[in-house]
Amino acid sequence: MIRLQPIVTIFTVNFPQASCTFQRLAAEGAELNDQQVILHGYIGTRRDASKSLTFAELHDMTLGATVQLVSTPTKAVDGSNSPHSTLRELQEHSPVAISGTIKSRKAPSGKDGESKAGLITSVEVKVDNIAPLNAFPNDIIMSKDTVFPAESRHLQIRNDPSIRNALAFRSKAARIVRNELCEKHDFTEIETPLLFKSTPEGAREFLVPTRTPGLAYALPQSPQQYKQILMASGIPRYVQIAKCFRDEDLRADRQPEFTQVDLEMAFASAEDVMRTVEAVVKRLWTELLGAKDLPDNFPRMSYEDAMSKYGSDKPDLRLGSEIQSIEYMIPVDLVNKIGPLDDPIVEVMKFPIAEDPNDTRNFVNKFMDSPEAQPFIQNPHGQPGIFIFDTRKPLQGLAVFGFEAAEALEDMIDLEDGDLVVIQARPREEFSGGSTPIGNLRLALHKAAVKHGYIDAARGFAFTWINDFPLFSPSSDAEPGQGGAAGLSATHHPFTSPKTAEDVDLLLTDPLKVRADHYDLVVNGVELGGGSRRIHSAEMQELVMREVLQMSDERMKDFAHLIEVLRAGCPPHAGLALGFDRLVAVMMGRESVRDVIAFPKSGRGEDMLVKSPTKMTEGQLETYHLRLRE
Ligand code: ASP
């Protein structure tokens, strides 16, 4: 049953405009003494000091500030409920317009002299009138620490200043990106269609059926093709803060819809794009985080180096612990005993944990007993060998590799007491994919050592460009890929150009050896974005799709528009997209992109507040000429 509220609290048509912001109250404080103001805000905690004296907080969401209201009984001019009794009846969290008189006050001091966070201490407001603008229902309990489920995201945003801060930070970041690119680098912000067409670029798409039988749009996985079309259309530099949609597995903190800072430059090389993106990133970090020591240009590393030194194509360079291959130091018969592999590559890394080997031993025990260790223990290429260096028992464990090898190893990696030495075998083949087991172990050990208090969390930001990726990777059935018959898929996307003339020569003879003019920007083990120089010749694009990826005629038709556009004298062009959600999360030190998105989807792709997706009704199915399978 609906509980009736006084009509004014249910539906307010007119309400007084605010005449003063909390910002001004905080800045000018006592200078405003005796001035009349109208403030908008939410009622906070109330304290009835006596029958005739009430204190209440008024919260402002813009600044996250609070001002104290003071109320004593006065008669309402129009004979209605007196403001004093209205305030005393109001439910906490209700929105109100207050008119009152500013009174300077002495800063209240708490037990240790500190005042409450966000409280404006220089003034308070004596309530002259109060207009409740709606009522907060008393069946919702909201205290400072209440955590609301995803179904009540609105209450969580309202109650958790960290989400509101993240959204404000995100908005500032977007403004800086636009300002840097459009004002300083002559980019034009252009919106591209969201109702696009199904073209196999790599990820699975969301389809949007139409009322014409059998026809559907697809939502773009990125504006990649449109931005290339804009280059062929004579637009010099394009940028868009673009929504992208990928119907992917949502593990690994991904969202089915996400935001990119998407850009493209005509008559540009990879170098031009990297310099431009560095300018944007440095401006963001300097203006929003006060970073001072960013290098002029970010360092670069090849994919091959990143994989062999850090076991990851997005290495966290702050962690040290480089990986080295050592099978050449170890007697052949022992190398082959390291795991089930024949002639493996054997890699080692040192991981300093504690000075006392006993502490390191305790850590290893904790780690090995944890679920995080399971994937490494179950590695089909053999478990990692984990040794603890202890000068009291020199070479103890390592001696299984023979005295000479152990000594050479000790010299090579400069061991100290309490260091962990991790040895892992892997097959002797080209790298593919994003990480190796020892690379993952490097991260897992670091995380566990921080969690258990053995080492401090890494600080600062270590940027690097990763380039020289292979243009193609062996395609796995798990990925939709680009649908060619060659067993290959483009590592970035099929519009990426081979890097050099030699790479072009390898296209038909040894495609897996072709390097791409593809670059990813990485910071602290997170890929912030990636891009490439594009194929701008129709013949080359057709060759890559038809001859190398071996797309069928049918598939080729999906890309006919692009080939046609390139044929029209398209200039060389290159671009990149930054994952904007992740960029904001990294800048704010948040674990998950969900923390910086107003309405994130759940792990199952649902919006729990609006309850989407929903079942299609019979009527909708009919409109779109769809039938559900029995
Ligand atoms: N469209 C690409 C992506 O979404 C980025 C690019 O190559 O510009 O990853």
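Read the figures in this text as sums done on the coordinates, not as results from a lab. These figures come from a predicted structure and were not determined experimentally. Every residue, glycine as well, gets a Cβ built from its backbone with ideal geometry; the counts of neighbours run over all protein chains shown.
Things worth noting here:
- For segment 387-518, a Kirkwood radius taken over Cα pairs fed into Stokes-Einstein (25 °C, viscosity 0.890 mPa s) yields D = 131 µm²/s.
- Rg(Cα)/(2.2 N^0.38 Å) for segment 306-377, N = residue count: 1.31
- Quotient of Cα Rg and 2.2 N^0.38 Å for segment 346-440, N being how many residues it contains: 1.12
- Sorting Thr491, Thr623 by the number of Cβ atoms found within 10 Å of their own Cβ, with the fewest placed first, yields Thr623, Thr491.
- Counting only Cα atoms, the chain measures 96, 74, 57 Å along its principal axes, largest extent leading.
- For segment 446-597, alpha-carbon Rg and Dmax in angstrom: 19.0, 61
- Shown here is the pair-distance distribution of segment 119-170: with all Cα-Cα distances grouped in 10 Å bins from zero up to the longest one, the shares run 18, 33, 37, 11 percent.
- A dipole drawn for the chain from +1 and -1 charges on Cβ atoms has a positive end, and of Ile466, Ala306, Val610 the residue lying farthest that way is Val610.
- Descending Cα extents along the principal axes, segment 110-207, whole Å: 62, 40, 34
- The amide H of Asp128, built 1.01 Å from its N in the peptide plane, has Ser99, Gly100, Thr101 as neighbours under 5 Å, considering only residues 5 or more places off or on other chains.
- FRET efficiency, 1/(1 + (r/R0)^6) with R0 45 Å, evaluated for Asn33 and Ser198 via beta carbons: 0.10
- Restricting the GluC sites (Glu not before Pro) of segment 485-554 to loop positions (DSSP other than H, G, I, E, B) with no more than 13 neighbouring Cβ atoms within 10 Å leaves nothing.
- Global form of segment 547-630, assessed from the alpha-carbon gyration tensor, a/c cut-off 1.5: oblate
- Two-decimal Rg to Rh for segment 484-544 - Kirkwood Rh, Cα set: 1.01
- Principal semi-axes in Å for segment 206-332 [√(5λ), Cα gyration tensor, largest first]: 36, 24, 16
- Tensor-based shape of segment 161-275 (alpha-carbon gyration tensor, a/c under 1.5 rounded, otherwise prolate or oblate): oblate
- Note on the chain: helix-only mean residue ellipticity at 222 nm, from DSSP H runs of 4+ residues weighted -39500 (n - 2.57) and normalised by residue number, equals -7500 deg cm²/dmol.
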